[in-house]
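Worksheet: the structure to be examined is printed underneath.
The values are calculated or read from the model by the stated rules, or taken from the named source; none is laboratory data. Everything numeric in this text was worked out from a predicted model, so none of it was measured. Because the Cβ atoms are built from the backbone with ideal geometry, glycine has one as well, and the counts that use them run over all protein chains shown. Surface areas here come from the heavy atoms of the whole protein model, side chains and all, with no ligands, DNA or RNA. Shrake-Rupley method; radii C 1.70, N 1.55, O 1.52, S 1.80 Å.
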Amino acid sequence: MARSREVLAWWVVSVCVWMLSLSAYSGADMMAAVLAGLPCALTAVAARRAVRGHWRPGWELLAALAALPGSVARDSVVVLLLPWTRRRVGAGGLREIDLHAVGESSAANGRRAVGLILLSASPGSYVVEADPDRGTAVIHAVSGGSRLERVLTR
């Protein structure tokens, strides 16, 4: 039962990612997403089992997911305007942020995995390194802390 729920969850995620990547929608696109999503879901479950991964992201990460579109829009503007500003040299920088995900528990692994994916999904930042022992991540960002960052570091 648990494995079928996991396949279903990955299937929904795969279909959503497929549909979000499109600029226009049609019935054929939805059918392709549904059909291609199943092998992706089965592969994701097999991969998780192969690495013996256990992730249990908490519900508080929904706030971070909600902050992602705003961060993507803001960072897109910052990145696109960067060539025309005087901030070009030294505009970006490395900094360490606390994700509050210390250890190897399934909750910490889930929080760290979702947090790192969301931070790298925005065009203004990417994750360079994560330290499970300290619950931190080093990111490279073009601008100061976004709302997404603030939500993830609470």
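Structure above, values below:
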quantity: Accessible area per residue in Å² at 1.4 Å probe, computed on the chain; calculated: 63
quantity: FRET E, pair residue 77, residue 26, Förster distance 30 Å, beta-carbon r, rounded to 0.05; calculated: 0.50
quantity: Residue-span extension gain [residue 100 to residue 129] - 0.36 nm each, minus C-alpha spacing; calculated: 8.9 nm
quantity: Whole-number Å³ per residue for the convex hull built on Cα positions in the stretch 82-154; calculated: 74
quantity: Angle between the chain longest axis and helix 61-81 axis [Cα atoms, degrees, rounded to 10]; calculated: 50
quantity: Angle in degrees between helix 27-50 and the longest Cα principal axis of the chain, rounded to the nearest 10; calculated: 90
quantity: Carbon/sulfur fraction of accessible area - the chain, other protein chains in place, 1.4 Å, %; calculated: 66
quantity: Full-extension gain in nm, residue 49 to residue 84, via 0.36 nm per residue minus C-alpha separation; calculated: 7.8 nm
quantity: Accessible surface of residue 140 - all protein chains present, 1.4 Å probe, nearest 10 Å²; calculated: 60
quantity: On Cα atoms only, tilt of 2-20 relative to the major axis of the chain in degrees; calculated: 50
quantity: Entry for semi-axes √(5λ) of the Cα gyration tensor in Å (calculated from the structure that is shown) out of (1) 29, 16, 14; (2) 30, 23, 12; (3) 22, 19, 17; calculated: (2)
